[in-house]
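Below: the structure, in structure tokens.
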Amino acid sequence: MQITTEIFGNVLVAHTPDELTDDTSTDFVNALSTAINDQHYQVVLQMDRSELLDSAGLTALLDLQDLTREQGGNLKISGLEDPGKKILEMTRIDQRIDLFDSVIEAVSSFH
């Protein structure tokens, strides 16, 4: 899976696919794991294009957060709108992963 990424200082910004589901989540986690293991421990997921999340997608988010925290970093989410945002609120994942309206806010929160 090809993932668009950008680096802002020491923060990796990754653009999530349109659907973060059972079909895409494993490849997405594997692709980002490589970047995280290459010492990009501060990660922002830009989810403005993601319209569909299922349980595998939610698990992928938590797995990526665990991976970044194991390396001394963290995972944050930007640009997620309803219904995805509502799903994170209902599952209380929004209490584990910080949500931001914009990439700039999310990246700035690391400093």
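The values are calculated or read from the model by the stated rules, or taken from the named source; none is laboratory data. Nothing here was measured: the structure is a model prediction, and the numbers come from that model. Here Cβ is always computed from backbone atoms with ideal geometry, including for glycine, and neighbour counts include all displayed protein chains.
Name the residues in the stretch 65-80 that are hydrophobic (A, V, I, L, M, F, W, C) and surrounded by fewer than 21 Cβ atoms within 10 Å (Cβ to Cβ), would you?
LEU67
Of all helices (runs of 4 or more DSSP H) completely enclosed by the stretch 23-111, which ones contain at least 3 residues that are more than 14 Å from the chain's Cα centre (by Cα)?
Because the criterion is at least 3 residues that are more than 14 Å from the chain's Cα centre (by Cα), the helices (runs of 4 or more DSSP H) in the stretch 23-111 that meet it are 84-90, 103-108.
Of all residues in the stretch 30-47, which are at pLDDT 95 or above and more than 13 Å from VAL11 (Cβ to Cβ)?
Passing the criteria: only MET47.
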